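I have placed the structure first, in the form of structure tokens, so that the comments after it can refer back to it.
The values are calculated or read from the model by the stated rules, or taken from the named source; none is laboratory data. On a predicted model such as this, the values are computed, not experimentally measured, just so you know. Glycine also receives a Cβ, built like all others from the backbone with ideal geometry; neighbour counts cover every protein chain displayed.
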């Protein structure tokens, strides 16, 4: 399932690259760092966890995937620094089995997966087409399950994370980007009832229909794999 999903994502990315090959009628645009993104998320969350809320009874769950929405933005100040932030919320499916000496029951449900971040970033331009970015900031994550039979798989934590990335403008209405991300809440250990730090990598493409409007697709590989389709609204370099 996961490999098929990855192949589909990269087929879409290749289609976007092919679409950029003919002569372009779209308006040229520089890479902006004052923008607002609205995003649609497709999550894959493959986890298994077990708890024993009372002696002789076990609850085992297995998560799968689900969809969500997100909003993110950035604000450039000076020539090399920017504020960035975002909020995302998804509803993820799971199945559960409750085992006791008297019976075995099966259940299905959903849980809320929520994340947010605020960061301060730095950018360095290598000529007119390639930017390097780095930011550090505060991140939080929440897994909100509720309960089937008295168990508690809920998680919530926060900490300091960091990102580095490159944005490349091979042709002006067209952007390729890649990002490496360290997060203190990357890996959710539902059985151990804690988060662990970890890293993820994402890559994507974005096409600008107009100077202030673009659409993108991105794939992130980590503890949670996410395919994101986004609409970007650029606002130029507004005065601080």
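Every residue, every condition in (1) touching a strand residue (DSSP E or B) at 6+ places or on another chain (Cβ under 6 Å); (2) over 30 Å from residue 105 (Cβ atoms); (3) not in a strand (DSSP E or B), yes or no:
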| site | (1), (2), (3) |
| --- | --- |
| 128 | no, yes, yes |
| 165 | yes, yes, no |
| 175 | yes, yes, no |
| 191 | yes, no, yes |
| 216 | yes, yes, no |
| 223 | yes, no, yes |
Selection from the range 30-80 of residues closer than 28 Å to residue 145 by Cα, more than 22 Å from the chain's Cα centre (by Cα) and either in a strand (DSSP E or B) or touching a residue at least 40 places away in the same chain (Cβ under 8 Å) (or both) yields 49, 50, 51, 52, 53, 54, 56, 57, 58, 59, 60, 61
With criteria (1) loosely packed, with under 15 Cβ neighbours inside 10 Å; (2) farther than 18 Å from residue 91 by Cα; (3) in contact with a strand residue (DSSP E or B) (Cβ under 6 Å, 6 or more places away or on another chain); (4) modelled with pLDDT of 95 or more, residue 156 comes up short on (2)
**Residue check for residue 184: touching a residue at least 40 places away in the same chain (Cβ under 8 Å), under 17 Å from residue 217 (Cα atoms), crowded, with 16+ Cβ neighbours inside 10 Å and touching a strand residue (DSSP E or B) at 6+ places or on another chain (Cβ under 8 Å)** = no
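Of these, 50, 34, 58, 44, which one is at pLDDT 90 or above, surrounded by 12 or more Cβ atoms within 10 Å (Cβ to Cβ) and in contact with a helix residue (DSSP H, G or I) (Cβ under 9 Å, 6 or more places away or on another chain)?
Numbers: 50 fails: in contact with a helix residue (DSSP H, G or I) (Cβ under 9 Å, 6 or more places away or on another chain); 34 fails: in contact with a helix residue (DSSP H, G or I) (Cβ under 9 Å, 6 or more places away or on another chain); 58 fails: in contact with a helix residue (DSSP H, G or I) (Cβ under 9 Å, 6 or more places away or on another chain).
The unique qualifying residue is 44.
Of the residues in the range 193-202, how many are surrounded by fewer than 18 Cβ atoms within 10 Å (Cβ to Cβ) and in contact with a strand residue (DSSP E or B) (Cβ under 6 Å, 6 or more places away or on another chain)? Outline the logic, then answer.
Taking the range 193-202 as the starting set, the residues that turn out to be surrounded by fewer than 18 Cβ atoms within 10 Å (Cβ to Cβ) are 193-194, 196-199, 201.
When the remaining residues are screened for being in contact with a strand residue (DSSP E or B) (Cβ under 6 Å, 6 or more places away or on another chain), the result is 196-199, 201.
The qualifying residues number 5.
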**Asked** Would the range 125-135 turn up any residue that is at pLDDT below 90 and under 16 Å from residue 49 (Cβ atoms)?
**Response** no
